[in-house]
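The values are calculated or read from the model by the stated rules, or taken from the named source; none is laboratory data. This structure is a prediction, so every number in the text was calculated from the model and none was measured. Cβ sites come from the backbone with ideal geometry, for glycine too, and all protein chains shown count toward neighbours. All accessible areas refer to the heavy atoms of the entire protein, side chains included, with ligands and DNA or RNA removed. Shrake-Rupley method; radii C 1.70, N 1.55, O 1.52, S 1.80 Å.
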Amino acid sequence: MKTTKLKVALFVLVVMGIGFSFTTLNKVTVKGSDTMVILSQKWAEVYMKKNPGATIQVTGGGSGVGLAALINGSTDIANSSRPIKSSEVEKLKARYNTLGVEIPCAKDGLSVYLNKANPVTALTLKQIGQIFAGKITNWNEVGGPDAPIKLYGRESSSGTFGFFKDNVVKTDFSPSCQTLPGTAAIVNAVKKDKFSIGYGGAAYAEGVKDCAVKKDDKSPGILPTAATIKNHTYPISRYLYMYLKSKPTGEIKAFVDWILSPEGQALIADVGYYPLK
């Protein structure tokens with residue numbers, strides 16, 4: 001009798017052990033871009049419902065944080081709202097002898113947020129750049145009221161920060177720009193401050209208004225919409241990326257393939273971003 005009980009106990013332990021290993025093998029970690037957190041969490045939620053054996057863990061922190069985690073081996077997928085830097089590729093190569101794998105997974109329009117009570121509705125790319133560089137400091141310099149401009153932006157580890165700096169500001173940000181740890185925090189700050197301005201993913205623009213962006217003085221102001229981002233008439237648009245150390249296999253490959261499938265891409269518009277096709 002005791003022998004039988006011992007065999008049953010061992011059998012249960014073995015089965016539990018197999019189950020634990022199976023769960024571990026089917027866990028995928030995703031880390032990085034705060035812009036992409038809402039989208040990645042949606043993908044993870046739907047994918048796990050369809051695949052009960054899989055666990056997809058999504059965290060933010062910024063594109064730079066995600067890519068650093070990919071390099072040090074603490075995440076399977078790094079989400080990034082900017083292309084990977086050559087210095088980051090070199091670190092991957094040094095550690096894993098691979099150049100990494102870049103997977104564009106969605107499109108995003110980068111909104112310039114204004115308080116709804118601000119009478120200014122449109123700015124040129126040059127004006128926006130000069131405002132965030134501290135060269136334009138009063139709203140009356142761009143057709144608005146006589147009031148100082150309050151700047152809100154992302155921290156330097158953010159891919160959104162890097163993209164906005166490289167493509168719009170094109171120099172250093174003004175020292176007066178208050179950095180906040182996420183796009184939602186910027187939206188919240190602009191919502192409360194009548195004469196402020198901020199930037200971030202179009203999906204987050206709730207309770208504030210989007211500034212229409214002009215390519216130059218002679219161009220019309222364009223708002224970030226699905227149509228203007230798809231046809232590239234909105235001047236501040238970009239791809240969103242997933243990065244992997246090497247060609248995906250197993251559950252990581254299944255998850256990535258599903259994201260790029262019509263079903264995965266169909267979810268993108270639900271959270272305010274835009275599919276690749």
On a 0 to 90 degree scale, rounded to 10, what angle separates helix 250-260 from the longest Cα axis of the chain? 30 degrees
Residues with amide H under 5 Å from that of Gly200, placed H, sequence gap 5 or more: Ser111, Tyr113
Quick one: putting +1 on the C-beta of Lys and Arg, -1 on the C-beta of Asp and Glu, what dipole do you get for segment 42-92 around its Cα centre, in Debye to the nearest 20? 180 debye
Multiply the residue separation of Thr249 and Lys218 by 0.36 nm, subtract the distance between their alpha-carbon atoms, and state the gained length in nm to one decimal. 6.1 nm
Taking a ≥ b ≥ c as the square roots of the eigenvalues of the Cα gyration tensor of segment 33-146, is the shape rounded (a/c under 1.5), prolate (a/b larger than b/c) or oblate? oblate
Within the accessible area of the chain (1.4 Å probe), percent carbon and sulfur: 57 percent
Keeping all protein chains in place, calculate the accessible area per residue for the chain (probe 1.4 angstrom), answer in Å². 49 Å²
Treating the angle as unsigned and between 0 and 90°, give the value, to the nearest 10°, between the Cα long axis of helix 63-72 and the longest Cα principal axis of the chain. 30 degrees
Which of Asn138, Val208, Asn79, positive extreme of dipole for the chain (C-beta unit charges): Asn79
Would you please put 153-160, 216-223 in order of how densely packed they are, using the mean number of other Cβ atoms within 10 angstrom per residue and starting with the highest? 153-160, 216-223
Taking the chain and counting helices only, DSSP H stretches of n ≥ 4 at -39,500 (n - 2.57) each over all residues, the nearest-500 ellipticity at 222 nm comes to -11500 deg cm²/dmol
Taking a ≥ b ≥ c as the square roots of the eigenvalues of the Cα gyration tensor, with a/c under 1.5 meaning rounded and otherwise prolate when a/b exceeds b/c and oblate if not, segment 198-259 is prolate
About the Cα centre of the chain, what is the dipole size in debye to 20, counting +1 per Lys and Arg Cβ and -1 per Asp and Glu Cβ, all else neutral? 640 debye
Using DSSP to define loop residues, name the trypsin sites (Lys or Arg not before Pro) in segment 26-90 whose beta-carbon has at most 16 other beta-carbon atoms within 10 Å. Lys85
How far, in nm, would the chain grow between Ala117 and Ala147 when pulled straight, counting 0.36 nm per residue and subtracting the alpha carbon separation? 9.5 nm
Computed label-point distance, nm, for sites Ser176 and Met48 using a 7 Å Cα→Cβ extension: 4.5 nm
Length released on extending from Trp258 to Ala94, taking residue separation times 0.36 nm less the Cα-Cα span: 56.0 nm
What does the charge count around Ile222 come to, taking other residues whose C-beta lies under 11 Å from its C-beta (Lys +1, Arg +1, Asp -1, Glu -1)? +1
